[in-house]
């Protein structure tokens, strides 16, 4: 009887209306949704040649190029904001010649676009571009008088226009009828020479300096830029870019051209090869050559650089 009474009492407690049950509810917050796309790539291309009793001759050499490419993209409905930072610096050391610079680039691009609907590929846009270099450049073998340097020159483009973007094709075209181009030459010796188009120093009939050259020159003109980045074959990426600029006031129709084309060939996650070319024509950049130990300034020339590299690359 005592056991029966205990069971009845326990059931009354469990099913009593005053009994409260506790339920543990666990919630998980959804992942944060971001409209930013971030890509960081760093790499190092190396090349080395060594000879021992090599009867056809040759000089020992070692070369390397350090590279960084950082991208920040923001996209949301009507807004599109692309930012890109490109860094390159390369050195070559060859037996009997010492160390020479092979590549030097600092470039920052930022393009902001706004469209009126979510269907159109056309954006109202504003573009900022900055270019300069890390170290002095020389017309080798002359290493006493630099022909360029950090902020000598530096170029700044700032303008408004429109941009056509096709993300599915890796294609964009930016056109601006109103872009200010600022050329900066902080090296006073180069500024006095009128290098890179800044106003040169003035002298009297006896060759005495009257006024130093200007360190800054500003132009206003038309800017057109294009980039086509697309995987054309398995593990082969094509990156083709060009820039056209002409000034309204000084020699309108005389077009400055900057064209870069590169093929990136992926071997595996960390090893990549690249083949590319870079062509520049700017009427304000005069060619300099060494003649009989004297640096002579000639007229503008097409500048052409060809690249072939194999090295390590890490993207995060």
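The values are calculated or read from the model by the stated rules, or taken from the named source; none is laboratory data. Remember, it's a predicted structure, so these values are computed and weren't measured experimentally. Virtual Cβ from ideal backbone geometry, glycine too; neighbours counted across all protein chains shown.
Restricting the first member to the range 231-246 and to residues that are at pLDDT 95 or above, and the second to residues that are not in a strand (DSSP E or B), the beta-carbon pairs closer than 8 Å and six or more apart or on different chains are 244/255; 245/255; 246/252; 246/253; 246/254; 246/255.
If the condition is being in a loop (DSSP other than H, G, I, E, B), modelled with pLDDT of 90 or more and exposed (fewer than 14 other Cβ atoms within 10 Å of the Cβ), then the range 270-300 contributes only 270.
Apart from one condition, residue 190 fits all of (1) in contact (Cβ under 8 Å) with a residue 40 or more places away in the chain; (2) assigned to a strand (DSSP E or B); the exception is (2). Please determine whether any residue of the range 55-77 is free of Cβ contacts under 8 Å to residues at least 12 places away in the same chain, at negative phi, outside any strand (DSSP E or B) and surrounded by 13 or more Cβ atoms within 10 Å (Cβ to Cβ). The answer is no, given that none of the residues of the range 55-77 is free of Cβ contacts under 8 Å to residues at least 12 places away in the same chain, at negative phi, outside any strand (DSSP E or B) and surrounded by 13 or more Cβ atoms within 10 Å (Cβ to Cβ). Among the residues of the range 114-130, none qualifies, meaning not one is at pLDDT 95 or above, in contact with a strand residue (DSSP E or B) (Cβ under 9 Å, 6 or more places away or on another chain), within 30 Å of residue 49 (Cβ to Cβ) and buried (at least 19 other Cβ atoms within 10 Å of the Cβ). Among the residues of the range 234-262, which ones are assigned to a strand (DSSP E or B), more than 16 Å from the chain's Cα centre (by Cα) and more than 15 Å from residue 197 (Cα to Cα)? Passing the criteria: 236, 237, 244, 257.
The condition of being out of contact with any strand residue (DSSP E or B) (no Cβ under 8 Å at 6 or more places or on another chain) and farther than 30 Å from residue 34 by Cα holds for only one of 62, 52, that being 52.
When residues in the range 106-140 are screened for being in a loop (DSSP other than H, G, I, E, B) and under 23 Å from residue 182 (Cβ atoms), 4 of them pass. The residues on offer are 210, 173, and the sole one that is over 23 Å from residue 285 (Cα atoms) and modelled with pLDDT under 95 is 210.
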